[in-house]
Amino acid sequence: MKKNCVLILGGSSDIGINLIKRYLKEGWMVICHYNRNSLKIKQLKVNYKIDLSTYKADFENENSLKKFIAFVKKKNIHSMINLVGYLDHVSFKNTSIKSLCKSLKINSLAPLIIQKSILEKMIKQKFGRIIHASSIGVKYGGSEFTFNYSYSKHALEYISSYVRNLAKFNILSNTIRIGVVNTKLLRSVKKKNLSRRKKLIPIKRFANKDEISDMIFFLGSEKNTYISGENVSISGGE
């Protein structure tokens, strides 16, 4: 019996690593895309030589992106999870066409084109799950230094009528707005900023990795049978 296969874009993040482990535990094949070398991915690759394959690609580079799409088109992908998150710390005051286009290309446009390339096989196999990770920053217009990032994430929340109509082929597509998560990246921020940020969350704490990966896995697996075209917030009530 052939295993289902999930493609995880941006799999080197803390949430990505957690999600890779979850899919492997549930018996899926995993293709993990990453842009920066990750010791955790290398360690997982040693333990799961058969079920985990990795591919390094830079979505800003046209040639690298084309090669990755050619690689993916040869695979039978059952689920695609987009966790790509390029953050340039540029404010609206200092943004430019060049910097905004870079964020849009990496975070939104490249993942959408990759999604487009795997839909035909999903239609033939009559099964597909697509999840794009957005950000709670979209709801509030982003923070002072995340304009480009939040704007590009907002673009992902646009689910075209074509993709919505693929639900008749059992292809379900959703986006999730992720709130503040207790990851290594977050812990590198000054504590006084974290304390102030936590007070804005109605539940009064940050999410943990399991809470995010559990929801993504549910929506991006065969466990989800009836949720499509939705934007689901995992943000502690924000």
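The values are calculated or read from the model by the stated rules, or taken from the named source; none is laboratory data. As the structure is a computational prediction, the values presented were derived from the model and not from experiment. Counting neighbours? That spans all protein chains shown, and the Cβs are built from the backbone with ideal geometry, glycine included. SASA here: full protein model, heavy atoms, side chains in, ligands and nucleic acids out. Shrake-Rupley method; radii C 1.70, N 1.55, O 1.52, S 1.80 Å.
What number of residues in region 29-47 are in contact with an Asp or Glu (Cβ under 8 Å, 6 or more places away or on another chain) and surrounded by fewer than 21 Cβ atoms within 10 Å (Cβ to Cβ)? First the steps, then the outcome.
Applying the first criterion (in contact with an Asp or Glu (Cβ under 8 Å, 6 or more places away or on another chain)) to region 29-47 yields 29-30, 35.
Now drop any that are not surrounded by fewer than 21 Cβ atoms within 10 Å (Cβ to Cβ), which leaves 35.
Number of matching residues: 1.
Applying the selection to region 129-156, what residues are among the basic types (K, R) and within 15 Å of G179 (Cβ to Cβ)? Break it down into steps so the answer makes sense when it comes.
First, pick out the residues of region 129-156 that are among the basic types (K, R): 129, 139, 153.
K139, K153 - these are the residues of region 129-156 that are among the basic types (K, R) and within 15 Å of G179 (Cβ to Cβ).
Okay, residues lined up against (1) of a type in the set (A, V, I, L, M, F, W, C); (2) modelled with pLDDT of 95 or more; (3) closer than 30 Å to F218 by Cα; (4) open to solvent by less than 30 Å² (accessible area, probe 1.4 Å):
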{"residue": "I81", "(1), (2), (3), (4)": "yes, yes, yes, yes"}
{"residue": "Y86", "(1), (2), (3), (4)": "no, no, yes, no"}
{"residue": "H89", "(1), (2), (3), (4)": "no, no, no, no"}
{"residue": "S103", "(1), (2), (3), (4)": "no, yes, yes, yes"}
{"residue": "L112", "(1), (2), (3), (4)": "yes, yes, yes, no"}
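Which residue, of S235, S173, S228, is open to solvent by less than 60 Å² (accessible area, probe 1.4 Å) and under 13 Å from the mean Cα position of the chain (by Cα)? First the steps, then the outcome.
On the way: S235 fails: under 13 Å from the mean Cα position of the chain (by Cα); S228 fails: under 13 Å from the mean Cα position of the chain (by Cα).
After applying the criteria, what remains is S173.
For region 190-217, enumerate the residues that are open to solvent by less than 80 Å² (accessible area, probe 1.4 Å) and among the hydrophobic types (A, V, I, L, M, F, W, C).
The answer is L194, I201, F206, A207, I212, M215, I216, F217.
Which of the residues that make up region 17-52 are out of contact with any Leu (no Cβ under 7 Å at 6 or more places or on another chain), within 28 Å of K102 (Cβ to Cβ) and outside any helix (DSSP H, G or I)?
Y34, N35, R36, N37, S38
When region 142-170 is examined, which residues are found to be closer than 22 Å to E238 by Cβ and open to solvent by 80 Å² or more (accessible area, probe 1.4 Å)?
Within region 142-170, E144, F145, Y151, H154, Y158 qualify.
Among residues belonging to region 55-79 that are polar (S, T, N, Q) and under 23 Å from L172 (Cα atoms), point out the one that is surrounded by the most Cβ atoms within 10 Å (Cβ to Cβ). It would help to see each step written out before you state the result.
So in region 55-79, the residues polar (S, T, N, Q) come out as 61, 63-64, 76, 79.
Those still in the list that are under 23 Å from L172 (Cα atoms) too: 76, 79.
Values: N76: 15, S79: 27.
Among those that are polar (S, T, N, Q) and under 23 Å from L172 (Cα atoms), it is S79.
If you take the residues of region 1-16 that are among the aliphatic types (A, V, I, L, M) and outside any helix (DSSP H, G or I), which of them is most open to solvent (accessible area, probe 1.4 Å)? Please lay out each step first, then the result.
Pass one, region 1-16, residues among the aliphatic types (A, V, I, L, M): 1, 6-9, 15.
Checking which are outside any helix (DSSP H, G or I) leaves us with 1, 6-9.
Working: M1: 233, V6: 0, L7: 0, I8: 0, L9: 0 Å².
It comes out as M1.
Hey, I136 hits all of (1) open to solvent by 60 Å² or more (accessible area, probe 1.4 Å); (2) at pLDDT below 95 but one; which does it fall short on?
(1)
Taking L52, is it crowded, with 16+ Cβ neighbours inside 10 Å and touching a Phe, Trp or Tyr at 6+ places or on another chain (Cβ under 8 Å)? If you could, list the steps in order and put the result at the bottom.
Working: crowded, with 16+ Cβ neighbours inside 10 Å: yes; touching a Phe, Trp or Tyr at 6+ places or on another chain (Cβ under 8 Å): no.
Taking the combined requirement at face value, the residue does not satisfy it.
Would you be able to say whether some residue in region 51-61 is of a type in the set (G, A, S) and within 14 Å of P111 (Cβ to Cβ)? Outline the logic, then answer.
Going through region 51-61, the residues of a type in the set (G, A, S) turn out to be 53, 57.
From what's left, within 14 Å of P111 (Cβ to Cβ): 57.
Yes, region 51-61 contains a residue that is of a type in the set (G, A, S) and within 14 Å of P111 (Cβ to Cβ).
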